[in-house]
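Notes follow once the structure below has been shown.
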Amino acid sequence: MDLKLSVQENNHRNQNLLKRIDSNVLLELSGSSPDHSHQEASFAFISKIQEAVDIGKEFQQKAIYYVKDGNLKLIECCTGKIEELGNFNDRLSLDQYK
């Protein structure tokens, strides 16, 4: 919800989230703004849209990203408003691994 948390609090919340989605986790990744000025730990997991939104609400997220058929969507947790963002693969960056 746009609150800057301490590293310790953020890590604690991420661990709780991982416990919540444990068996459905596909991978851990870094979510980033296009200019990389904002980055945060993120988790890709398998779920239905409503379940993912509910988990987002539970963990006080403003929005979640959802990928279906290769297309990336941004879904506001409070309103359910969906913004189509295009092809997910077009947004992947492996720069950190170079």
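Since every read-out is calculated from the coordinates, none of them should be taken as a lab result. The shown structure was predicted, so the numbers you read here are calculated from the model rather than taken from an experiment. Cβ coordinates were reconstructed from backbone atoms using ideal geometry, including for glycine residues, and neighbour counts include every protein chain displayed.
Brief remarks on what is shown
- Over all other residues within a Cβ to Cβ distance under 12 Å of residue 76, the charged ones net out to +3, with Lys and Arg as +1 and Asp and Glu as -1.
- Its Cα centre serving as origin, the stretch 7-97 has a Cβ charge dipole (Lys and Arg +1, Asp and Glu -1) of approximately 260 debye.
- Simple spin-label estimate for residue 65 and residue 5 gives 1.8 nm between the two label positions (7 Å along the Cα-to-Cβ direction from each Cα).
- Considering only Cα atoms, the convex hull volume of the chain works out to 118 Å³ per residue.
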